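Worksheet for the structure shown next.
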Amino acid sequence: MPPTTPAPRARFIALLAENITRGTFEKLTLGKPRQPAADPALQNVFVRPIALKSGPHLTFVWRHATRDVTKNFPTAEAVAQIETLIGPTFLDAHLFTATSTAQLETRPDNTAHLRVKTVAAAPISDVSYAAAPATHDQPKHHLIPATAAWLRSLGVTNERGQPREGMADKFRQIQKFSELLSHLLTENFSAENRTTPNQPLRIIDMGSGKGYLTFALAALLAPRAHVTGIEARAELVEFCNRTAATHNFSDHLTFIPGAINETPVAACDVLIALHACDTATDDALAQGISAGARLLVVSPCCQKEIRAQLTAPTVLADALRHGIFQERHAEFVTDALRAQLLEWAGYKTKVFEFISTEHTAKNLLIVGQRTSPRGQTDDARAQRIRAFAAFYGVEHQRLATQLDFPL
């Protein structure tokens, strides 16, 4: 009989151990905490090799909503620790080595899928910032200075302006997002386009989380804008307001407690919602439209609402029997429908990937720029939207409901 292929999880652990032994292990990222979680504040664990006087170790960073915990383990103990985390605690594991990357996806029913990809060169690693020779340790030009004190308070950079362990992607995201918003704000709110040129822009960040991008906007635009972060977790609101006061942001940056669908926005110029889960993205878009926002910027994630409704057209039926294709198709249908509904509501839309990331594919950005008042709708466009929904068997969708648009 041919030898039995090890289960995906066992193969992943073996691949990890092999690369640690060979010295080709670069880093491991654990994400997507299993729900309900024993520690709801735990978001990720980052693991990388470290050389100590006592010998090779792996250093672990447990990333929580408002704090980090770092511990070092000898390699054998570290692998055993990782085994206990993959599956029971985290559903996603990403391994980066000098010659390959591997991703293990565990489903709630404990079935797992492993993907391994050979790479021509080592991937960019968070540790490269710390490992760079002193001669290369020169400050780079960033729209948001890497030495900004608020970045240190949020745990993004250290005292030398270098990204902390596990925060290199977040640092790049902050910079890229700041560049994009600068261009969009210039395009939409140049002096000749401002109806109230002497008034600061009113910017709302729905689901602001720890405030990384909210602070970036406030730092970028002060004193030309007042930025408000809305966040459901009271401890993060308190932390962000305290940090804003520490760094003299309080006069133009405020955080208030509230859920996206329960916190009405009276009026705003710009509404942002990054990684608002499932229909929370629709709630944010509806809030922005109702508040008269001229610019809407959302990065959707976890598009679950439509997946349950998705009826495969005959030509796609065989392909959509596979769960991964069904999930990706549901994401496409959801976000395409959102873009079309925004256009029906008087917005010009752009949809694009706003940053490459090693850890997540959730990097789609939907931008809506208002071109006409709500109510000046296009019947032909409405018919096309309904035809699109009917093609996939979609009978209801949150944003359509919020806009009183029957599918």
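Read-outs: derived from the displayed coordinates by stated rules, not from any lab. Since this is a predicted model, take the numbers as computed values, not measurements. When we count neighbours, we look across all protein chains shown, and the Cβ atoms used for this are built from the backbone with ideal geometry, even at glycine.
Observations on the structure shown:
- Between 0 and 90°, nearest 10: helix 75-85 axis offset from the chain longest Cα axis: 40
- Angle in degrees between helix 379-391 and the longest Cα principal axis of the chain, rounded to the nearest 10: 30
- If the convex hull is drawn through the Cα atoms of the chain, its volume per residue in Å³: 175
- The trypsin sites (Lys or Arg not before Pro) of the range 43-85 meeting both criteria, a DSSP state outside H, G, I, E and B (loop) and at most 13 other C-beta atoms within 10 angstrom of the site's C-beta, are K53, R67.
- Computed from the C-alpha gyration tensor, the three semi-axes of the ellipsoid equivalent to the range 266-371 are 27, 15, 12 Å, from longest to shortest.
- Across the options N248, T311, P8, the greatest Cα extent toward the positive end of the charge dipole of the chain (unit charges at beta carbon of Lys, Arg, Asp, Glu) belongs to P8.
- For the range 8-123, the Cα gyration tensor yields ellipsoid semi-axes of 21, 19, 12 Å (square root of five times each eigenvalue, largest first, whole Å).
- Taking 10 °C and 1.306 mPa s as conditions, the range 218-302 diffuses translationally at an estimated 118 µm²/s according to Stokes-Einstein applied to its Kirkwood radius (Cα pairs).
- Each of the peptides 304-315, 268-279, 174-185 was scored by the mean count of other Cβ atoms within 10 Å over its residues; in descending order, highest first, they stand as 268-279, 174-185, 304-315.
- Inter-part distance where the range 329-350 and the range 45-99 are each reduced to a Cα centre, Å: 40
- The chain: antiparallel DSSP beta bridges as a percent of all, rounded to 5: 70
- Per-residue 3J(HN,Hα) values for the range 90-103, derived from phi via the Karplus relation 6.51 cos²θ - 1.76 cosθ + 1.60 with θ = phi - 60°, read 10, 8, 10, 9, 10, 10, 10, 10, 5, 10, 7, 10, 9, 10 Hz in sequence order (x marks Gly and Pro).
- Stretching R67 away from E83 to a fully extended chain increases their span by 3.4 nm, per 0.36 nm per residue minus the current alpha-carbon distance.
- Judged by the mean number of other Cβ atoms found within 10 Å, the most tightly packed of the peptides 210-219, 84-93, 225-234 leads the ranking 210-219, 225-234, 84-93.
- Helix-only mean residue ellipticity at 222 nm for the chain, each DSSP H run of n ≥ 4 adding -39500 (n - 2.57), per residue, nearest 500: -10000 deg cm²/dmol
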